1. Condition first: without any contact (Cβ under 8 Å) to a residue 12 or more places away in the chain, over 23 Å from the mean Cα position of the chain (by Cα) and either outside any loop (DSSP other than H, G, I, E, B) or at positive phi (or both). Now tell me which residues in the range 246-299 satisfy that.
2. Considering each residue of the range 343-374, count those that are among the hydroxyl-bearing types (Ser, Thr, Tyr) and either at pLDDT below 95 or more than 14 Å from residue 46 (Cα to Cα) (or both), and give that number.
3. Keeping to the range 209-243, report how many residues are surrounded by fewer than 19 Cβ atoms within 10 Å (Cβ to Cβ), at pLDDT 95 or above, in contact with a Ser or Thr (Cβ under 9 Å, 6 or more places away or on another chain) and assigned to a loop (DSSP other than H, G, I, E, B).
4. Output the number of residues of the range 29-80 satisfying the condition of being in a loop (DSSP other than H, G, I, E, B) and farther than 23 Å from residue 336 by Cα.
5. Mind checking which residues of the range 315-349 are part of a loop (DSSP other than H, G, I, E, B) and either over 17 Å from residue 368 (Cα atoms) or touching a Gly at 6+ places or on another chain (Cβ under 6 Å) (or both)?
6. Kindly indicate the residue of the range 81-92 that is among the β-branched types (Val, Ile, Thr) and not in a loop (DSSP other than H, G, I, E, B) and also farthest from residue 28 (Cα to Cα) among those meeting that condition.
7. Name every residue in the range 252-285 that is exposed (fewer than 15 other Cβ atoms within 10 Å of the Cβ), within 28 Å of residue 205 (Cα to Cα) and of a type in the set (D, E, K, R), in order of residue number.
8. For residue 114, are the conditions met, namely being within 25 Å of residue 362 (Cβ to Cβ) and part of a loop (DSSP other than H, G, I, E, B)?
Amino acid sequence: MKRILYSLSFLLLVLAACRKDAAVVPEETEQVTGPSDAMSFFLLNEGNMNMNKASLDKFEASSGTYRRNIFEATNPEVVRGLGDVGNDIKVYGSKLYVVVNISNKVEVLDLRTARRINKIDIPNCRYITFDAGKAYVSSYEGAIGNSNKAEGSVLRIDTATLRIEASTKVGRQPEEMAVVGRKLYVANSGGYDPTNYERSVSVIDLDSFQELKRIDVAENLHRVRADKYGDIYVSSRGDYYGTPSKLSVIDTRSDQVKKVFDISTSNIWIDDDLAYVYSLEWDYPTQRNTIHYSLINVRDETLVEGNFIKDGTDKIITKPFGIAVDPKTKDIYVSDAKDYLSPGTLYCFDKNGIKKWSVLTGDIPAHLAFIPNN
């Protein structure tokens, strides 16, 4: 019995040593352009599900350098690194918030150093947004991949104490959110139940933190973006039975759908009067992916003719997965996830859609957060 206990103790020590001494992925730095007046940013690489390969990169505009794998290099004591599936990233105040879906957590980092300040445990967390000193995180609540039909929730976090204050129920499998005035709009997907997707946007009163109503929109909602005219743009992913993806416009004064664009929307970014949209869809007749890029004038809600990538680079982007527009320079960033298993590529285009530079990223580059006042 004593030998067995000694052997077990030795095994535990070996396992602990292996865990402690697991190799940290080193940071890599690459010069991609010269110093510029563009905004610096963080790029969150999702990493393929169940592979624990989420990673964080940073572009420093003042030097034109791109830094890969900064989380692990800066936080070597965090054994499993950033975690499994980085789903969203936002800057608020002096902190950077990273939502890691499968790892069920929100990492709160120092904006200047990327050092961990805190970790907030939230089951099946999805997206984050902010208003008046509070963070709001959407959560599926149920186990990952479980086909439960229970409602999801939005949790409210105080950004000073970094503690969860309250939660409120919304629809099934809530996704992105946007704040307009004193209301929070939440896209409900029902994504775990493809035979019965959700169709609604939940409207939450931020003062009472209670759901006021649900707006019927379309099947399997995902993206939510607010413009400066009091409207929000909400994308649907359609369904397996042929219902196409759409982009709906909701007037937040009446909380009614005012317009529907019959364009597929995988992702959308609104800057000033322009909404930049791309779609990546599987075309069953041809058995290949089809990619489309679109522009919408949100002031008069009209499609702008043409592609916002003008130099032909769109022909070599195989799987667009992220998009962002620099509010200062109007540079356009589009990421390519390639095969979802190996490093992707981030492309930078000028405001006229001409490529300026590109750089290798982590696996599945997806979410970009600009750093203000840099």
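1. 283, 287, 288 - these are the residues of the range 246-299 that are without any contact (Cβ under 8 Å) to a residue 12 or more places away in the chain, over 23 Å from the mean Cα position of the chain (by Cα) and either outside any loop (DSSP other than H, G, I, E, B) or at positive phi (or both).
2. Counting residues in the range 343-374 that are among the hydroxyl-bearing types (Ser, Thr, Tyr) and either at pLDDT below 95 or more than 14 Å from residue 46 (Cα to Cα) (or both) gives 2.
3. Total satisfying the criteria: 2.
4. 11
5. 316, 317, 318, 337, 338, 339, 340, 341, 342
6. Restricting to residues being among the β-branched types (Val, Ile, Thr) and not in a loop (DSSP other than H, G, I, E, B), the top hit is 91.
7. Answer for the range 252-285, where residues must be exposed (fewer than 15 other Cβ atoms within 10 Å of the Cβ), within 28 Å of residue 205 (Cα to Cα) and of a type in the set (D, E, K, R): 253, 258, 259, 272, 273.
8. yes
The values are calculated or read from the model by the stated rules, or taken from the named source; none is laboratory data. Model, not experiment: these values are computed from the prediction. Every residue, glycine as well, gets a Cβ built from its backbone with ideal geometry; the counts of neighbours run over all protein chains shown.
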